[in-house]
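The values are calculated or read from the model by the stated rules, or taken from the named source; none is laboratory data. If you're wondering where the values come from, they're calculated on a predicted model, not measured in any experiment. We place every Cβ from the backbone using ideal geometry, glycine too, and count neighbours over all the protein chains shown.
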Amino acid sequence: MKKAYPGHYVKQFTDLRDLAKTSAEAFGDKDLYTYKRHEENVVVTYNQFYDYVRCLGTAFHKLGFAESTVVMTGENHPAYSVTYIATIAAGGVIVPLDKDIKDDEMPAFISKCRTRAVFFTNAMFDKIVPMFEKLSAVEMFVCIDFDKEERPNDPRFKTFDEIIEVGKAALEEGDTSFDDYEFDMSKLAAIIFTSGTTGTSKGVMLSHYNLVKATLASDSMIAYDDTTSFVSVLPMHHTYEMTCAHLGTINLGASTFFNDGIKYTMRNLSAVKPNAMVFVPLYVETIYKRIFDELEKKGMANKVRALMKMSDGMRKIGIDTRRKLFKPILEALGGRLESIICGGAPLPRKIMEDFESLGITILEGYGITECAPLVSCNTFGWKKFGSVGLPVPGCEVKIDKADGEETGEILVKGPNVMMGYYEDPEATAAVFTEDGWFRTGDIGYIDEDGFIYITGRKKNIILLSNGKNIFPEELEEYLVHCSSVSEVVVIGRKDDKGETKITAVVYPNKENITGESDDEIYAAVKADVDALNKTLPVFKHITDIEIRAEEFEKTTSRKIKRYKVK
(Lines give C-alpha, C1' and ligand atoms only; values in the text may rest on other atoms or scores of the structure.)
Protein backbone atom coordinates (compact mmCIF):
# COMPACT_ATOMS: atom_id res chain seq x y z
CA MET A 1 0.00 0.00 0.00
CA LYS A 2 1.28 3.47 -0.85
CA LYS A 3 2.14 5.79 1.98
CA ALA A 4 -0.01 8.88 2.42
CA TYR A 5 0.70 12.57 1.94
CA PRO A 6 1.37 14.62 5.11
CA GLY A 7 -1.75 15.36 7.13
CA HIS A 8 -0.57 18.22 9.36
CA TYR A 9 -2.70 21.32 9.92
CA VAL A 10 -2.17 24.22 7.52
CA LYS A 11 -3.74 27.62 8.23
CA GLN A 12 -5.91 28.60 5.27
CA PHE A 13 -6.16 32.07 3.72
CA THR A 14 -8.08 33.43 0.74
CA ASP A 15 -5.71 36.09 -0.62
CA LEU A 16 -2.44 37.79 0.28
CA ARG A 17 -4.14 40.54 2.28
CA ASP A 18 -5.89 37.81 4.25
CA LEU A 19 -2.53 36.04 4.68
CA ALA A 20 -1.02 39.06 6.46
CA LYS A 21 -4.19 39.66 8.50
CA THR A 22 -4.79 36.09 9.69
CA SER A 23 -1.12 35.61 10.55
CA ALA A 24 -1.16 38.78 12.67
CA GLU A 25 -4.28 37.51 14.44
CA ALA A 26 -2.69 34.11 15.03
CA PHE A 27 0.86 35.10 15.95
CA GLY A 28 0.58 38.71 17.17
CA ASP A 29 3.77 40.07 18.70
CA LYS A 30 5.89 37.06 17.76
CA ASP A 31 9.03 37.93 15.75
CA LEU A 32 8.48 37.50 12.02
CA TYR A 33 11.61 39.15 10.62
CA THR A 34 14.97 40.19 12.01
CA TYR A 35 17.49 42.10 9.92
CA LYS A 36 20.65 44.10 10.48
CA ARG A 37 20.74 47.86 10.08
CA HIS A 38 23.94 49.70 10.99
CA GLU A 39 25.13 46.51 12.73
CA GLU A 40 22.06 46.49 14.99
CA ASN A 41 19.33 43.86 14.86
CA VAL A 42 15.90 45.25 13.91
CA VAL A 43 12.83 43.12 14.61
CA VAL A 44 9.47 43.19 12.82
CA THR A 45 6.64 41.32 14.53
CA TYR A 46 3.61 39.77 12.84
CA ASN A 47 1.43 42.63 14.09
CA GLN A 48 3.88 45.24 12.83
CA PHE A 49 4.15 43.50 9.48
CA TYR A 50 0.38 43.57 8.95
CA ASP A 51 0.30 47.24 9.99
CA TYR A 52 2.94 48.00 7.34
CA VAL A 53 0.97 46.10 4.70
CA ARG A 54 -2.25 47.98 5.57
CA CYS A 55 -0.48 51.35 5.63
CA LEU A 56 1.28 50.81 2.30
CA GLY A 57 -1.82 49.36 0.64
CA THR A 58 -3.92 52.28 1.88
CA ALA A 59 -1.26 54.74 0.68
CA PHE A 60 -1.42 53.17 -2.78
CA HIS A 61 -5.16 53.88 -2.87
CA LYS A 62 -4.74 57.38 -1.38
CA LEU A 63 -2.01 58.40 -3.82
CA GLY A 64 -3.66 56.84 -6.87
CA PHE A 65 -1.25 53.92 -7.24
CA ALA A 66 -3.74 51.09 -6.62
CA GLU A 67 -3.97 48.64 -9.52
CA SER A 68 -0.55 49.84 -10.77
CA THR A 69 2.66 48.09 -11.71
CA VAL A 70 5.34 48.38 -9.01
CA VAL A 71 8.98 47.31 -9.32
CA MET A 72 10.80 46.11 -6.20
CA THR A 73 14.57 45.64 -6.21
CA GLY A 74 17.37 45.40 -3.67
CA GLU A 75 18.70 43.11 -0.98
CA ASN A 76 16.42 41.00 1.20
CA HIS A 77 14.45 43.14 3.64
CA PRO A 78 11.10 42.97 5.50
CA ALA A 79 9.86 45.87 3.34
CA TYR A 80 10.41 43.66 0.30
CA SER A 81 7.67 41.30 1.54
CA VAL A 82 5.52 44.25 2.60
CA THR A 83 5.73 45.83 -0.86
CA TYR A 84 5.14 42.50 -2.60
CA ILE A 85 1.97 41.75 -0.64
CA ALA A 86 0.60 45.31 -0.48
CA THR A 87 1.02 45.85 -4.23
CA ILE A 88 -0.91 42.69 -5.10
CA ALA A 89 -3.49 43.28 -2.36
CA ALA A 90 -4.12 46.77 -3.79
CA GLY A 91 -4.91 45.19 -7.15
CA GLY A 92 -1.52 45.94 -8.68
CA VAL A 93 1.26 43.98 -10.33
CA ILE A 94 4.56 43.43 -8.52
CA VAL A 95 7.75 43.06 -10.56
CA PRO A 96 10.62 41.87 -8.34
CA LEU A 97 13.86 42.56 -10.20
CA ASP A 98 17.27 41.05 -9.56
CA LYS A 99 19.41 43.74 -7.94
CA ASP A 100 22.37 42.60 -10.03
CA ILE A 101 20.77 43.35 -13.38
CA LYS A 102 23.26 45.51 -15.28
CA ASP A 103 22.85 49.27 -14.90
CA ASP A 104 22.19 49.74 -18.61
CA GLU A 105 19.57 46.94 -18.64
CA MET A 106 17.57 47.84 -15.53
CA PRO A 107 15.69 50.79 -17.11
CA ALA A 108 14.60 48.55 -19.99
CA PHE A 109 13.00 46.04 -17.62
CA ILE A 110 11.29 48.84 -15.69
CA SER A 111 9.95 50.51 -18.82
CA LYS A 112 8.87 47.24 -20.45
CA CYS A 113 6.36 46.63 -17.65
CA ARG A 114 4.95 50.18 -17.81
CA THR A 115 6.00 50.70 -14.19
CA ARG A 116 4.49 53.57 -12.23
CA ALA A 117 6.49 53.15 -8.97
CA VAL A 118 9.92 51.77 -8.15
CA PHE A 119 10.76 50.63 -4.62
CA PHE A 120 14.43 50.00 -3.83
CA THR A 121 16.58 49.40 -0.77
CA ASN A 122 19.13 51.95 0.42
CA ALA A 123 22.03 49.85 -0.90
CA MET A 124 20.63 50.40 -4.42
CA PHE A 125 20.51 54.20 -4.08
CA ASP A 126 23.62 54.92 -6.16
CA LYS A 127 22.42 52.57 -8.88
CA ILE A 128 18.78 53.71 -9.13
CA VAL A 129 19.06 57.50 -8.73
CA PRO A 130 21.11 57.98 -11.94
CA MET A 131 18.25 56.24 -13.79
CA PHE A 132 15.66 58.85 -12.77
CA GLU A 133 16.12 60.89 -15.94
CA LYS A 134 15.81 57.85 -18.23
CA LEU A 135 12.68 56.70 -16.41
CA SER A 136 10.51 59.74 -17.02
CA ALA A 137 7.33 57.61 -17.08
CA VAL A 138 7.90 56.40 -13.50
CA GLU A 139 5.85 58.57 -11.15
CA MET A 140 7.35 57.60 -7.81
CA PHE A 141 10.69 56.29 -6.54
CA VAL A 142 10.67 54.96 -2.97
CA CYS A 143 13.84 54.22 -0.98
CA ILE A 144 13.72 51.78 1.93
CA ASP A 145 15.86 52.59 5.00
CA PHE A 146 17.05 55.84 3.37
CA ASP A 147 19.99 57.26 5.32
CA LYS A 148 21.82 59.61 2.92
CA GLU A 149 22.69 63.15 3.95
CA GLU A 150 20.99 64.63 0.88
CA ARG A 151 17.92 63.41 -0.96
CA PRO A 152 17.66 63.61 -4.77
CA ASN A 153 16.37 66.88 -6.18
CA ASP A 154 13.37 65.18 -7.75
CA PRO A 155 9.79 65.48 -6.44
CA ARG A 156 9.16 61.86 -7.40
CA PHE A 157 11.57 60.66 -4.72
CA LYS A 158 10.04 59.46 -1.44
CA THR A 159 11.21 57.40 1.48
CA PHE A 160 9.42 54.23 2.51
CA ASP A 161 8.65 55.76 5.91
CA GLU A 162 7.01 58.77 4.23
CA ILE A 163 4.69 56.53 2.20
CA ILE A 164 3.84 54.50 5.29
CA GLU A 165 2.92 57.73 7.10
CA VAL A 166 0.54 58.66 4.27
CA GLY A 167 -1.25 55.37 4.70
CA LYS A 168 -1.24 55.60 8.49
CA ALA A 169 -2.82 59.07 8.41
CA ALA A 170 -5.47 57.90 5.96
CA LEU A 171 -6.34 54.91 8.14
CA GLU A 172 -6.66 57.18 11.19
CA GLU A 173 -9.09 59.31 9.18
CA GLY A 174 -11.22 56.23 8.51
CA ASP A 175 -10.00 55.30 5.01
CA THR A 176 -11.04 51.67 4.37
CA SER A 177 -10.28 51.55 0.64
CA PHE A 178 -7.55 48.93 1.04
CA ASP A 179 -9.49 46.79 3.53
CA ASP A 180 -12.60 46.86 1.32
CA TYR A 181 -10.93 46.29 -2.03
CA GLU A 182 -12.47 43.31 -3.88
CA PHE A 183 -10.04 41.05 -5.71
CA ASP A 184 -10.13 39.44 -9.09
CA MET A 185 -8.02 36.43 -8.18
CA SER A 186 -7.51 35.50 -11.83
CA LYS A 187 -5.94 38.89 -12.61
CA LEU A 188 -2.23 39.34 -13.28
CA ALA A 189 -0.45 39.89 -9.95
CA ALA A 190 3.27 39.36 -10.59
CA ILE A 191 5.71 39.42 -13.48
CA ILE A 192 8.80 37.36 -12.68
CA PHE A 193 11.72 37.62 -15.06
CA THR A 194 13.49 34.28 -15.24
CA SER A 195 17.08 34.10 -14.08
CA GLY A 196 18.44 33.55 -17.56
CA THR A 197 20.71 30.50 -17.01
CA THR A 198 20.08 29.60 -20.66
CA GLY A 199 20.58 33.11 -21.98
CA THR A 200 16.95 34.16 -22.10
CA SER A 201 14.85 36.21 -19.73
CA LYS A 202 11.11 35.91 -20.19
CA GLY A 203 8.50 37.57 -18.00
CA VAL A 204 6.46 34.87 -16.26
CA MET A 205 2.93 36.13 -15.50
CA LEU A 206 1.46 34.81 -12.24
CA SER A 207 -2.03 35.50 -10.99
CA HIS A 208 -3.05 36.20 -7.40
CA TYR A 209 -4.68 32.75 -7.46
CA ASN A 210 -1.41 31.12 -8.63
CA LEU A 211 0.50 32.59 -5.68
CA VAL A 212 -2.11 31.66 -3.06
CA LYS A 213 -2.42 28.07 -4.27
CA ALA A 214 1.36 27.65 -4.57
CA THR A 215 1.90 28.98 -1.05
CA LEU A 216 -0.71 26.68 0.50
CA ALA A 217 0.66 23.70 -1.45
CA SER A 218 4.16 24.47 -0.18
CA ASP A 219 2.98 24.57 3.44
CA SER A 220 1.03 21.34 3.04
CA MET A 221 4.12 19.33 2.04
CA ILE A 222 6.44 20.18 4.94
CA ALA A 223 5.34 20.08 8.58
CA TYR A 224 6.88 23.36 9.73
CA ASP A 225 5.07 25.60 12.21
CA ASP A 226 5.48 28.55 14.58
CA THR A 227 8.42 26.85 16.30
CA THR A 228 10.44 26.94 13.08
CA SER A 229 13.19 29.49 12.52
CA PHE A 230 15.07 30.21 9.28
CA VAL A 231 17.98 32.24 8.00
CA SER A 232 17.02 33.71 4.62
CA VAL A 233 19.94 33.50 2.16
CA LEU A 234 18.39 33.33 -1.32
CA PRO A 235 17.37 36.53 -3.15
CA MET A 236 13.71 37.48 -2.75
CA HIS A 237 13.19 38.23 -6.45
CA HIS A 238 13.48 34.46 -6.91
CA THR A 239 10.00 32.88 -6.77
CA TYR A 240 11.31 29.82 -4.90
CA GLU A 241 12.48 32.07 -2.07
CA MET A 242 9.42 34.35 -2.08
CA THR A 243 6.73 31.66 -2.22
CA CYS A 244 8.27 28.94 -0.07
CA ALA A 245 10.52 30.91 2.29
CA HIS A 246 8.43 34.05 2.81
CA LEU A 247 4.76 33.79 1.89
CA GLY A 248 4.78 30.20 3.12
CA THR A 249 6.58 30.91 6.38
CA ILE A 250 4.39 33.96 7.13
CA ASN A 251 1.43 31.60 7.02
CA LEU A 252 3.19 29.15 9.34
CA GLY A 253 4.10 31.65 12.04
CA ALA A 254 7.82 30.97 11.60
CA SER A 255 10.65 33.44 12.29
CA THR A 256 13.21 34.53 9.70
CA PHE A 257 16.60 36.22 10.04
CA PHE A 258 17.93 37.95 6.93
CA ASN A 259 21.46 36.89 6.05
CA ASP A 260 23.51 40.05 5.47
CA GLY A 261 25.89 38.60 2.90
CA ILE A 262 27.06 35.26 1.50
CA LYS A 263 30.38 35.53 3.34
CA TYR A 264 28.50 35.82 6.64
CA THR A 265 26.31 32.75 6.13
CA MET A 266 28.23 30.39 8.44
CA ARG A 267 28.59 33.13 11.06
CA ASN A 268 24.87 33.79 11.02
CA LEU A 269 23.94 30.12 11.13
CA SER A 270 26.11 29.78 14.23
CA ALA A 271 24.65 32.90 15.88
CA VAL A 272 20.96 32.63 14.93
CA LYS A 273 20.73 28.85 15.40
CA PRO A 274 17.94 28.11 12.89
CA ASN A 275 16.28 24.71 12.94
CA ALA A 276 15.44 24.78 9.21
CA MET A 277 16.86 26.27 6.01
CA VAL A 278 15.84 26.80 2.40
CA PHE A 279 18.84 26.41 0.09
CA VAL A 280 19.90 25.79 -3.48
CA PRO A 281 22.46 22.99 -4.04
CA LEU A 282 25.52 25.24 -4.24
CA TYR A 283 25.04 26.37 -0.63
CA VAL A 284 24.59 22.78 0.56
CA GLU A 285 27.61 21.60 -1.40
CA THR A 286 29.74 24.47 -0.07
CA ILE A 287 28.81 23.71 3.55
CA TYR A 288 29.37 19.99 2.97
CA LYS A 289 32.84 20.55 1.51
CA ARG A 290 33.74 22.94 4.31
CA ILE A 291 32.74 20.36 6.94
CA PHE A 292 34.70 17.50 5.43
CA ASP A 293 37.69 19.60 4.37
CA GLU A 294 37.99 20.72 8.00
CA LEU A 295 37.73 17.11 9.19
CA GLU A 296 40.46 16.09 6.73
CA LYS A 297 42.76 18.85 8.01
CA LYS A 298 42.24 17.63 11.58
CA GLY A 299 42.77 14.00 10.57
CA MET A 300 39.24 13.16 11.75
CA ALA A 301 37.48 12.37 8.47
CA ASN A 302 37.90 8.58 8.59
CA LYS A 303 36.87 8.43 12.24
CA VAL A 304 33.73 10.52 11.62
CA ARG A 305 32.75 8.39 8.62
CA ALA A 306 33.14 5.26 10.73
CA LEU A 307 30.89 6.81 13.38
CA MET A 308 28.36 7.73 10.68
CA LYS A 309 28.26 4.11 9.50
CA MET A 310 27.86 2.85 13.07
CA SER A 311 25.13 5.41 13.77
CA ASP A 312 23.25 4.42 10.61
CA GLY A 313 23.24 0.83 11.83
CA MET A 314 21.98 1.82 15.27
CA ARG A 315 19.11 3.84 13.77
CA LYS A 316 17.88 0.71 12.01
CA ILE A 317 17.12 -0.76 15.43
CA GLY A 318 15.58 2.44 16.77
CA ILE A 319 18.58 4.04 18.50
CA ASP A 320 19.33 7.58 17.35
CA THR A 321 22.35 9.31 18.92
CA ARG A 322 23.29 11.58 16.01
CA ARG A 323 22.76 14.88 17.83
CA LYS A 324 25.25 13.76 20.51
CA LEU A 325 27.73 11.91 18.31
CA PHE A 326 28.13 14.76 15.84
CA LYS A 327 27.50 17.69 18.15
CA PRO A 328 30.78 19.51 17.32
CA ILE A 329 29.94 19.41 13.60
CA LEU A 330 26.32 20.49 14.13
CA GLU A 331 27.41 23.35 16.41
CA ALA A 332 29.12 25.01 13.43
CA LEU A 333 25.63 25.25 11.89
CA GLY A 334 24.10 26.62 15.06
CA GLY A 335 23.45 23.31 16.79
CA ARG A 336 19.70 23.25 16.12
CA LEU A 337 19.56 22.69 12.35
CA GLU A 338 17.42 19.63 11.65
CA SER A 339 16.29 20.01 8.05
CA ILE A 340 17.08 21.68 4.75
CA ILE A 341 14.69 22.19 1.86
CA CYS A 342 16.73 22.17 -1.34
CA GLY A 343 15.67 22.96 -4.89
CA GLY A 344 16.72 24.75 -8.04
CA ALA A 345 19.09 22.07 -9.36
CA PRO A 346 20.01 18.43 -8.67
CA LEU A 347 21.82 17.69 -5.41
CA PRO A 348 24.22 14.73 -5.33
CA ARG A 349 22.67 11.78 -3.50
CA LYS A 350 25.75 11.12 -1.40
CA ILE A 351 25.58 14.61 0.10
CA MET A 352 21.97 14.03 1.14
CA GLU A 353 22.81 10.64 2.63
CA ASP A 354 25.80 12.02 4.55
CA PHE A 355 23.80 14.93 5.99
CA GLU A 356 21.13 12.43 7.05
CA SER A 357 23.83 10.41 8.82
CA LEU A 358 24.97 13.55 10.65
CA GLY A 359 21.43 14.36 11.80
CA ILE A 360 20.17 16.83 9.17
CA THR A 361 17.39 15.77 6.82
CA ILE A 362 17.51 17.19 3.31
CA LEU A 363 14.20 17.26 1.47
CA GLU A 364 14.71 17.84 -2.23
CA GLY A 365 11.99 19.53 -4.22
CA TYR A 366 11.33 20.61 -7.77
CA GLY A 367 10.05 23.93 -8.91
CA ILE A 368 10.02 26.15 -11.94
CA THR A 369 9.12 29.84 -12.04
CA GLU A 370 6.28 29.12 -14.44
CA CYS A 371 4.65 26.99 -11.71
CA ALA A 372 4.90 29.67 -8.99
CA PRO A 373 7.25 27.66 -8.45
CA LEU A 374 6.64 24.41 -6.53
CA VAL A 375 5.76 21.27 -8.48
CA SER A 376 6.87 18.51 -6.11
CA CYS A 377 8.70 17.86 -2.85
CA ASN A 378 9.83 15.06 -0.58
CA THR A 379 8.28 15.01 2.89
CA PHE A 380 9.50 14.10 6.35
CA GLY A 381 7.32 10.98 6.42
CA TRP A 382 8.04 9.76 2.92
CA LYS A 383 11.14 10.62 0.92
CA LYS A 384 13.37 8.99 -1.63
CA PHE A 385 16.96 10.08 -2.23
CA GLY A 386 17.53 10.99 -5.85
CA SER A 387 13.88 11.92 -6.35
CA VAL A 388 12.39 15.42 -6.25
CA GLY A 389 9.39 14.02 -4.42
CA LEU A 390 5.65 13.80 -4.91
CA PRO A 391 3.51 16.36 -6.79
CA VAL A 392 2.11 19.02 -4.45
CA PRO A 393 -1.67 18.95 -3.79
CA GLY A 394 -3.72 20.13 -6.75
CA CYS A 395 -0.81 19.73 -9.18
CA GLU A 396 -0.91 17.01 -11.85
CA VAL A 397 2.30 15.73 -13.38
CA LYS A 398 2.80 13.34 -16.29
CA ILE A 399 5.62 12.29 -18.61
CA ASP A 400 5.41 12.89 -22.35
CA LYS A 401 7.51 10.04 -23.69
CA ALA A 402 7.77 8.11 -26.92
CA ASP A 403 6.90 4.42 -27.10
CA GLY A 404 9.71 2.31 -25.70
CA GLU A 405 11.40 5.22 -23.92
CA GLU A 406 11.84 5.22 -20.14
CA THR A 407 12.02 8.98 -19.80
CA GLY A 408 10.33 11.97 -21.39
CA GLU A 409 9.46 15.61 -20.87
CA ILE A 410 7.77 16.49 -17.58
CA LEU A 411 4.35 18.09 -18.10
CA VAL A 412 2.41 19.95 -15.40
CA LYS A 413 -1.18 21.10 -14.98
CA GLY A 414 -2.74 22.79 -11.97
CA PRO A 415 -3.68 26.04 -10.18
CA ASN A 416 0.01 26.91 -9.79
CA VAL A 417 0.70 27.07 -13.54
CA MET A 418 1.37 30.54 -14.97
CA MET A 419 -0.94 32.65 -17.12
CA GLY A 420 1.77 32.89 -19.80
CA TYR A 421 4.79 34.98 -20.77
CA TYR A 422 4.46 38.76 -20.64
CA GLU A 423 3.73 40.21 -24.09
CA ASP A 424 5.01 37.03 -25.75
CA PRO A 425 2.09 34.95 -27.08
CA GLU A 426 4.34 32.89 -29.35
CA ALA A 427 6.57 31.76 -26.48
CA THR A 428 3.47 31.07 -24.39
CA ALA A 429 1.89 28.91 -27.08
CA ALA A 430 5.14 26.98 -27.50
CA VAL A 431 5.18 25.75 -23.89
CA PHE A 432 1.58 24.57 -23.64
CA THR A 433 0.09 21.46 -25.21
CA GLU A 434 -3.22 21.68 -27.03
CA ASP A 435 -5.00 20.29 -23.96
CA GLY A 436 -3.40 22.76 -21.54
CA TRP A 437 -0.38 20.94 -20.07
CA PHE A 438 2.70 23.07 -19.40
CA ARG A 439 5.91 21.76 -20.93
CA THR A 440 8.66 22.19 -18.31
CA GLY A 441 11.58 21.42 -20.60
CA ASP A 442 12.90 18.98 -17.98
CA ILE A 443 13.34 15.29 -18.72
CA GLY A 444 12.50 12.58 -16.22
CA TYR A 445 10.24 9.76 -15.11
CA ILE A 446 7.74 8.86 -12.37
CA ASP A 447 8.11 5.67 -10.33
CA GLU A 448 5.41 3.28 -9.12
CA ASP A 449 4.86 5.34 -5.95
CA GLY A 450 4.38 8.60 -7.84
CA PHE A 451 7.83 10.05 -7.05
CA ILE A 452 9.31 12.25 -9.76
CA TYR A 453 12.90 11.84 -10.97
CA ILE A 454 14.67 14.38 -13.17
CA THR A 455 17.38 13.11 -15.46
CA GLY A 456 18.24 16.28 -17.35
CA ARG A 457 17.23 19.47 -19.06
CA LYS A 458 15.89 19.17 -22.60
CA LYS A 459 17.98 22.11 -23.84
CA ASN A 460 21.17 20.70 -22.32
CA ILE A 461 21.04 17.21 -23.86
CA ILE A 462 24.20 16.30 -25.79
CA LEU A 463 23.34 14.32 -28.93
CA LEU A 464 26.20 12.07 -30.06
CA SER A 465 26.75 10.99 -33.66
CA ASN A 466 25.70 7.43 -32.74
CA GLY A 467 22.28 8.75 -31.70
CA LYS A 468 22.90 8.42 -27.98
CA ASN A 469 21.53 11.15 -25.69
CA ILE A 470 23.83 12.30 -22.89
CA PHE A 471 22.46 14.21 -19.91
CA PRO A 472 25.32 16.47 -18.75
CA GLU A 473 23.75 16.88 -15.30
CA GLU A 474 24.36 13.17 -14.61
CA LEU A 475 28.06 13.43 -15.40
CA GLU A 476 28.38 16.69 -13.46
CA GLU A 477 26.93 15.00 -10.40
CA TYR A 478 29.66 12.35 -10.58
CA LEU A 479 32.40 14.89 -11.23
CA VAL A 480 31.65 17.18 -8.27
CA HIS A 481 32.66 14.31 -5.99
CA CYS A 482 36.17 14.26 -7.45
CA SER A 483 38.63 15.86 -5.05
CA SER A 484 40.27 17.90 -7.82
CA VAL A 485 36.99 19.44 -8.99
CA SER A 486 35.40 22.52 -7.44
CA GLU A 487 32.86 23.36 -10.18
CA VAL A 488 32.13 21.74 -13.52
CA VAL A 489 29.94 22.06 -16.60
CA VAL A 490 29.75 19.24 -19.13
CA ILE A 491 29.11 20.25 -22.75
CA GLY A 492 29.26 18.74 -26.23
CA ARG A 493 32.20 20.16 -28.18
CA LYS A 494 32.60 19.61 -31.94
CA ASP A 495 36.04 18.50 -33.11
CA ASP A 496 37.65 19.18 -36.52
CA LYS A 497 35.74 16.26 -38.05
CA GLY A 498 32.40 17.49 -36.78
CA GLU A 499 32.16 14.75 -34.15
CA THR A 500 30.70 15.74 -30.77
CA LYS A 501 33.01 15.10 -27.85
CA ILE A 502 31.84 15.03 -24.24
CA THR A 503 33.88 17.79 -22.65
CA ALA A 504 34.24 18.64 -18.96
CA VAL A 505 34.94 22.32 -18.32
CA VAL A 506 36.44 22.35 -14.83
CA TYR A 507 37.20 24.98 -12.24
CA PRO A 508 39.69 23.00 -10.12
CA ASN A 509 39.85 22.65 -6.35
CA LYS A 510 43.49 23.66 -5.98
CA GLU A 511 43.50 22.99 -2.24
CA ASN A 512 43.24 19.27 -2.99
CA ILE A 513 45.86 19.23 -5.75
CA THR A 514 49.58 18.70 -5.17
CA GLY A 515 51.43 21.17 -7.34
CA GLU A 516 50.47 24.53 -8.78
CA SER A 517 51.56 24.44 -12.42
CA ASP A 518 48.99 24.17 -15.21
CA ASP A 519 50.31 20.73 -16.16
CA GLU A 520 50.05 19.45 -12.59
CA ILE A 521 46.51 20.75 -12.19
CA TYR A 522 45.45 19.22 -15.52
CA ALA A 523 47.05 15.88 -14.60
CA ALA A 524 45.21 15.75 -11.28
CA VAL A 525 41.85 16.47 -12.91
CA LYS A 526 42.54 13.99 -15.73
CA ALA A 527 43.39 11.27 -13.22
CA ASP A 528 40.02 11.77 -11.52
CA VAL A 529 38.17 11.83 -14.86
CA ASP A 530 39.95 8.67 -16.04
CA ALA A 531 38.96 6.92 -12.82
CA LEU A 532 35.35 8.01 -13.30
CA ASN A 533 35.29 6.88 -16.93
CA LYS A 534 36.16 3.33 -15.83
CA THR A 535 32.83 3.20 -13.97
CA LEU A 536 30.75 4.49 -16.92
CA PRO A 537 29.51 2.96 -20.17
CA VAL A 538 31.86 3.76 -23.06
CA PHE A 539 29.37 6.10 -24.78
CA LYS A 540 29.29 8.28 -21.63
CA HIS A 541 33.06 8.65 -21.36
CA ILE A 542 34.38 12.18 -20.92
CA THR A 543 36.94 12.53 -23.68
CA ASP A 544 38.10 16.13 -23.27
CA ILE A 545 38.95 18.33 -20.30
CA GLU A 546 39.23 22.12 -20.20
CA ILE A 547 40.56 23.92 -17.13
CA ARG A 548 39.17 27.30 -16.08
CA ALA A 549 41.15 29.87 -14.12
CA GLU A 550 38.06 31.44 -12.54
CA GLU A 551 34.74 30.32 -11.07
CA PHE A 552 31.79 30.07 -13.42
CA GLU A 553 29.55 33.10 -13.66
CA LYS A 554 26.37 32.53 -11.66
CA THR A 555 22.92 33.97 -11.17
CA THR A 556 22.05 35.49 -7.79
CA SER A 557 20.32 32.21 -6.92
CA ARG A 558 23.78 30.61 -7.38
CA LYS A 559 23.06 28.68 -10.58
CA ILE A 560 25.86 28.49 -13.11
CA LYS A 561 25.00 30.40 -16.30
CA ARG A 562 25.48 27.49 -18.68
CA TYR A 563 24.98 29.60 -21.80
CA LYS A 564 28.12 31.57 -20.92
CA VAL A 565 30.23 28.40 -21.16
CA LYS A 566 31.41 28.52 -24.75
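Scanning the stretch 249-293 for residues that are over 25 Å from His38 (Cα atoms), among the aliphatic types (A, V, I, L, M) and assigned to a helix (DSSP H, G or I) gives Ile250, Leu252, Leu282, Val284, Ile287, Ile291.
When you check Thr361 against the structure, is it surrounded by fewer than 19 Cβ atoms within 10 Å (Cβ to Cβ), closer than 22 Å to Thr243 by Cβ and not acidic (Asp, Glu), yes or no? Taking the combined requirement at face value, the residue satisfies it.
I'd like the full set of residues that are of a type in the set (Asp, Glu) and under 14 Å from Thr73 (Cα atoms), limited to the stretch 100-157. Of everything in the stretch 100-157, those that are of a type in the set (Asp, Glu) and under 14 Å from Thr73 (Cα atoms) turn out to be Asp100, Asp103, Glu105, Asp126, Asp145. The residue that is nearest to Leu269 (Cα to Cα), among those in the stretch 334-347 that are at pLDDT 95 or above and out of contact with any Phe, Trp or Tyr (no Cβ under 8 Å at 6 or more places or on another chain), is Gly334. The residues of the stretch 10-38 that are touching a strand residue (DSSP E or B) at 6+ places or on another chain (Cβ under 7 Å), among the acidic types (Asp, Glu) and in a loop (DSSP other than H, G, I, E, B) amount to a single one, Asp29. Reported count of residues in the stretch 124-173, each being among the β-branched types (Val, Ile, Thr) and more than 33 Å from the chain's Cα centre (by Cα), is 1.
If the condition is being in contact with an Asp or Glu (Cβ under 8 Å, 6 or more places away or on another chain) and in a strand (DSSP E or B), then the stretch 532-566 contributes Ile547, Ile560.
Residues being part of a loop (DSSP other than H, G, I, E, B), surrounded by fewer than 22 Cβ atoms within 10 Å (Cβ to Cβ) and of a type in the set (D, E, K, R) are represented in the stretch 67-75 by at least one member.
Whether a residue is closer than 30 Å to Leu411 by Cα and either of a type in the set (Gly, Ala, Ser) or buried (at least 19 other Cβ atoms within 10 Å of the Cβ) (or both) was assessed, and Tyr445 does not pass this test. The set of residues in the stretch 487-499 that are part of a strand (DSSP E or B) and over 19 Å from Asp530 (Cα atoms) contains only Lys494. One residue alone among Leu135, Leu171 is among the aliphatic types (A, V, I, L, M), surrounded by fewer than 21 Cβ atoms within 10 Å (Cβ to Cβ), free of Cβ contacts under 8 Å to residues at least 60 places away in the same chain and touching a helix residue (DSSP H, G or I) at 6+ places or on another chain (Cβ under 9 Å), and that residue is Leu135.
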